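The values are calculated or read from the model by the stated rules, or taken from the named source; none is laboratory data. This structure is a prediction, so every number in the text was calculated from the model and none was measured. Here the Cβ positions follow ideal geometry from the backbone for every residue, glycine too, while neighbour counts run over all protein chains shown.
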Amino acid sequence: MHALVGDLRRGVRLWWEARGLAALALVALALGIGAATAIFSVVNAVLLEPLPFRESGQLLAIFEKNAAQRKSDLYVAGINFDQWRRRSRTVAGMAAISDVHAVLTGGPNGHMDAEELKVERVSASLFPLLGVQPLLGRSFLAAEDGPVPATVAMIGFELWQRRFGGDPSIPGKAVRLRGESYTVVGVLPAGFSVLEPGVDVWIPLNLNANDPRQAAGCFLTVIARLRPGVSFARAVAEFDDMGSTLERAYPAINSGFRADIRPLPEQIIGKTRRPLLVLLAAVGLLLGMACANVANLLLARGATRQKEIAVRAALGATRLRIAAQLLTESVILALAGGALGVVVAVAAVNMVARFGPADIPRLAQIHADWRLLAFAVVLSLVTGILFGMAPAVQISGANLNRALLGSGRGGTAGRSGRALRSGLVVLEIALALVVLIGAGLLARSFNRLRAVPPGFEPSHLLTMRLPLGGGSNGTPARRIAFVHAALPRLAALPGVRAVGVSNGLPLTGLGVGMMFAVAGRPEPSPDQRPMALARSITPDYFRAMGIPLEAGRGFTDADSAEAPPVIVVDRTLARRFWPGSNPLGGRLALDSVPPKVAEIVGVVAGVKPETVQGEDWPTVYSPYDQASTSATNIAIRTDGDPLALASAVQGELRRLDPDQPVADVRSGEAIAATAIAGARFSTLLFGLFGAIAFVLAAVGIYGVVSYDVGERVRELGIRIALGAQPGDVLSMIVAGAARLAALGIALGLAGAVALTRLMDSLLYGVAARDFATYAAAAAGLAAVALVASYVPARRAMGLDPVRALRHE
Amino acid sequence: MITLRNVEKFYEAGYGRTYVLRRINLEIREGEFVTIMGPSGAGKSTLLSIVGMLDASWTGEFEFAGHQVHRMKPKERVELNKKYIGFVFQSYHLIDNLTVYENLDIPLSYRNVKSAERQAIVCDSLDRFHIVGKRDLYPSQLSGGQQQLVAVARAVIASPKLILADEPTGNLHSSQGKEIMELFKKLNDEGTTIIQVTHSEANAAYGNRIVNLADGWIV
C-alpha cells in the first residue's frame, strides 16, 4: 500500500514534469473518447435501441407505390386500407393514420390563446397494435372510431404539460379544437410518436369507406403487425396479390398502384442509418488515431527512460516492481484522459441533441451512453497500460547492460522501437486521410447543394402558415373571405412590396398532388396518368416569392371562382408535355374535386418542392379562388429585413381575427437553410473531425520526428563533423518524415477508396472518388506532415556538433 | 598550413569569464604529425574542435591553407572542413544503423561525389584497410579495434590533407592501438598532416612534435 501511494505520488510528479507530453496525450484521449462516445450515443439511441413499441420488429409501415411512375411512399387510399384490413391473413392488426392540423382555442377553464397543433387522426386499434398504454385515462374505444365522428381526443405529454399544467384530472375534461368541443380521454407517455414527431393531439379516424370521397382519397399511412411466425416476404407477397385483386375491383383508384410495405423501424430510421454509420466510422478512425498517438508518445517517453529503469533494475528492483511503477504512471494518464473524455462526450451529446437537424428521428432520446463511455475509457486504459509498460517489457536481463551503457559502443542510438513508432504514425496519417477525404467530399457536396437555385428568391422574403382548417375560418367561403380581407391590409403595411398566398411553399414538402391529362390528346391508361403538384395561389404570389414568369400571364383578380378555370404551369410540366412548342392556350384535364378542364395562361420557372437535391416535379398553379385549400401560407416580399416585419404582419392578422393563429413564421433564407440543415450538420461534424484528425496527425508526426531528432543527436553531430551542411540535416529529417507521410497517404488513399463508397448516398454533385478532393486532402496532410517535421528539423540544423558528439 | 594567433575560448559565467583556451599561438606545417598532450581539462579537445572547424565560438585569428577562417561564415567553414579535414574520435562515432560500407560512404555523400565514383572509392578503401569482409556488418557486430579501423578509413576516404584524431586509441587495448598508430604513421608518411590528442607517451612518439597544454595555455 505504501509502495502504491509512493508510486502514485511519483507518477503525478513525473507527469507534471512532462506536462507538455501529458497535455498532448490528454487532448488526444479526450477528443478521441469524447467524439466516439458522443456519436455512438446518437447511433445507439437512434438506430440500436428498439422502438418504444411492443415487439417493434414485427410492425410494418404500409404506403402505396406506382412502379411505372417510379413513385413510392404515397398515401394509401381509404378503400385500400379498408380492403386490406378485411382480407389480410398475414397481419394480426392494422391501423391507419392521417396527419391534419387543428387549432386549439379552449381548455377546461374556457378560452385559451389560439394555437395550431399537429393532430393525427388514428384508428382506435393503433394504440393496442403498438402496445402503448396511455399515461392517464384510456385509449379510444372501437365504438368511437365508427363512421360517425366522435369528439374525443388523446393528448401528448408535452401539450399536457405546456398548455394544461400537467393537470392529472384532465381525462374527462373538454378542450376546444377545430371549433368544436372534444373530451380528453387520455394522455400519452412523454416522447410518444409513430412516424411524425411533434404530434400533440390524436383523434379517431372515423373512416367511412362507403363515402366515395374518403374511399378514393389518398390520405392514410398504415401501420400493421405481422402475425407471429409470418415472414415479411410472405406479407409482401400477400399484399401484392391483394393489389392485383383491388386493381381489378377499383381500376380508377388502383391502376398501377401496389402496397409499398416495409418494417416500421426501417421506415423511421432507414434514411438516417447511412449518415450515422458513416459518422460512427469517422469517429472510430479518430479514436484509433488518438490511441496511436498516445501509444507513440508513451513509447517515446519509455525509450528515454530505459536507462533510468535499467539503473533501478541494477540497484535491485524486480521487474514486477518496475512494472508496477510504470503501470501506475500509465493508469494515472489514462484515467485523466478518460475523465476529460467523459466531459467532452457529455458536452458533445448535449450539443447534438440540441443542435442536431430535426430530421434525425428520436433526437430527444439521445443521452450519453455510459456503457459505451465505460468501453472507451477501458480502451484508453488498455492503450495507456500497454504502451506505458513498453519500457519494462523492453528491459530484459539480456539488454540491461546495453541500456546502462547508453546506446552501445558505436555512438549513435539504435533502431529499437523506431519501427513501431513509425508504423503508428503511418497508421495515424492513413486514418487522418480517410477522415479528411470524407470531410472534403461532404464539404464539396454541401457547396454544390448551396449553389443549387431553389427556384425562388429567399432574401427579403417573409413566410408564415395560416392554419385556416378547423377554426372559425374553416369553410371554403370563410377562408376565401379571410384571405381577401387579409391581403390588402398586409400589402398596405410599410415595407411590404408584394403579398401572396399558396397552399404549399417551396422546400417544405410535396404537399398535395393530383393526376391530370392533356385535354385533346389520347387519354393515357389510368396507371400512366401523370401526376403534378397542385398549388393554389393568389395573384401576387409569384412576385412575392420571386418566381420568374417565363411566358403568358400570372393570375389576376378577374380569375375568380366564377371565371373560366385557368392555370399556370411550371417549366418542367411545359417541357415534358409541350416539348419545343408553346403550352399557352393548352388545356389540362385535372382530377381535382370536382374534376375540371383548365386553360394554361402562363408558364413559370420550376421550384424545388421538397429538397434542394430532389427532382423537379411538374406543378400546376390554380387561382386561390378557384381551388382554395385549408393549407394556407402567406409569402411577403419586403424592402428590408423580413423578420422585422413579422410582428406587424401578425398584429394585422390578429386585428382581423383574434382567434386565427399564425404558425411557422420564417424568413425565406431560413427555409432555404433548413432544406440543407442535415447536410450542413454532417459537413460541420465531419469538418470538426477533419480538424481533429489534422491536429492528431500533426501531433503524431511532430512527436515522432522530435523524438527521433533527440535520439539521433550524436549521429547528427557525426554527420555534421563529416561535412553535412544544415541543409543536408534538414533534408534528411524532413525526407524521413516525408517517407512516413507518403506511406500513410498511400494507405489512406486505398482506405478512402474502400470506405468512401459508404458515403455515395450522402453526396450531391460529387463522386465518392472525386480526384480533386482526394488530391487536396493528400496534399494538405503532406503539408502538415512536412511542417510538423520541419520544426524539430530546424532544431537539428542548429545542433552544436561538439556538444552533440559528447551527447549521451 | 595552420596558423593560430591569440586564439581564446571562454564561457561567460555569472562571476566573469571561464577560459578554456588562452592566447594560443601555434603554427603547424603541411606534413607534420603533431601531438597535443596535457592533463584532463587542459583544452586539448577544444583546440582540436577549433582547428577542425566544429567550434565557431572563439576569438583570435586562424589561418588555414591560406584561408582566413576567423573571417569566414559558418557555411564556408563547413566547406573548408569538407575539403581538407578528416576526423577520428575516441569513441569511433560510427553510425549504428548503417553498415560499414554505408558509414564509409557518408563523407563522400556530402561532397557531391557521383554514385559510381563513390562506389569505387569505398571499395578501394575497404580493400586498403583490409575490411572487405566486414562491409555489410553493422558497427555493433565489430570489435572496438575493427570499429576504429573503420573510423580511420572513413576519416581518410575523402583524401583529406589533415587528419584530426581525438584520443584515437583511448578505447582500444595496446595491440589494437599500435595497429591504428602504425596506420597514422603510414598516412603521415604518404603526406597527410596529422594532429592527435593523446595521453599516451607511446602514441606521441609516432609524431614529430608535441604541443603541451595546461589550463588552456600552451606550456
(message) So if I check each of A:L490, A:L533, which one is within 21 Å of A:C218 (Cβ to Cβ) and of a type outside the set (F, W, Y)?
(response) A:L533
(request) Name, by its number, the condition in (1) at negative phi; (2) at pLDDT below 75; (3) within 14 Å of chain B (Cβ to nearest Cβ) that does not hold for A:G397. (result) (3)
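Scan the range A:709-718 and give yes if some residue there is touching a residue at least 40 places away in the same chain (Cβ under 8 Å), in contact with a Lys or Arg (Cβ under 7 Å, 6 or more places away or on another chain), charged (D, E, K, R) and in a loop (DSSP other than H, G, I, E, B), otherwise no.
no
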(message) Looking at (1) modelled with pLDDT of 90 or more; (2) charged (D, E, K, R); (3) closer than 30 Å to B:E79 by Cβ, which one does B:D136 not meet, given that it meets all the others?
(response) (3)
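Can you give me the number of residues within the range A:654-666 that are touching a Ser or Thr at 6+ places or on another chain (Cβ under 6 Å) and either surrounded by fewer than 17 Cβ atoms within 10 Å (Cβ to Cβ) or part of a loop (DSSP other than H, G, I, E, B) (or both)?
Matching residues across the range A:654-666 total 1.
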(request) Filter the range A:119-154 for residues that are at pLDDT 90 or above, under 30 Å from A:T632 (Cα atoms) and either part of a strand (DSSP E or B) or aliphatic (A, V, I, L, M) (or both) and give the result. (result) A:V119, A:E120, A:R121, A:V122, A:A124, A:L126, A:V152, A:A153, A:M154
(message) I'd like to know if the range A:499-507 contains one or more residues that are surrounded by fewer than 21 Cβ atoms within 10 Å (Cβ to Cβ) and touching an Asp or Glu at 6+ places or on another chain (Cβ under 8 Å).
(response) no
(request) Out of the residues in the range A:719-758 that are of a type in the set (V, I, T) and without any contact (Cβ under 8 Å) to a residue 60 or more places away in the chain, state the one that is surrounded by the most Cβ atoms within 10 Å (Cβ to Cβ). (result) A:V734
(request) Take A:Q133 and decide whether it is polar (S, T, N, Q), surrounded by fewer than 17 Cβ atoms within 10 Å (Cβ to Cβ) and farther than 25 Å from A:G57 by Cα. (result) no
(request) Kindly establish whether A:V344 is within 25 Å of A:P197 (Cα to Cα), at pLDDT 75 or above, in contact with a helix residue (DSSP H, G or I) (Cβ under 7 Å, 6 or more places away or on another chain) and not basic (K, R). (result) no
(request) Those residues that are within 9 Å of chain A (Cβ to nearest Cβ) and touching an Asp or Glu at 6+ places or on another chain (Cβ under 9 Å), I need them from the range B:57-75; list them, please. (result) B:S57
(message) Can you name every one of the helices (runs of 4 or more DSSP H) wholly within the range B:40-136 that holds 2 or more residues which are more than 30 Å from B:L4 (Cβ to Cβ) and touching a residue at least 40 places away in the same chain (Cβ under 8 Å)?
(response) B:100-109
(request) Search the range B:76-105 for residues being within 8 Å of another protein chain (Cβ to nearest Cβ) and over 19 Å from the mean Cα position of the chain (by Cα), and hand back the single one that is surrounded by the fewest Cβ atoms within 10 Å (Cβ to Cβ). (result) B:N97
(request) Return the only residue of B:G60, B:G52 being over 10 Å from B:V197 (Cβ atoms) and touching a His at 6+ places or on another chain (Cβ under 8 Å). (result) B:G60
(message) Here is a list: A:G640, A:G651. Which entry is more than 14 Å from chain B (Cβ to nearest Cβ) and assigned to a helix (DSSP H, G or I)?
(response) A:G651
(request) Could you please give the count of residues in the range A:759-773 that are among the acidic types (D, E) and surrounded by fewer than 18 Cβ atoms within 10 Å (Cβ to Cβ)? (result) 1
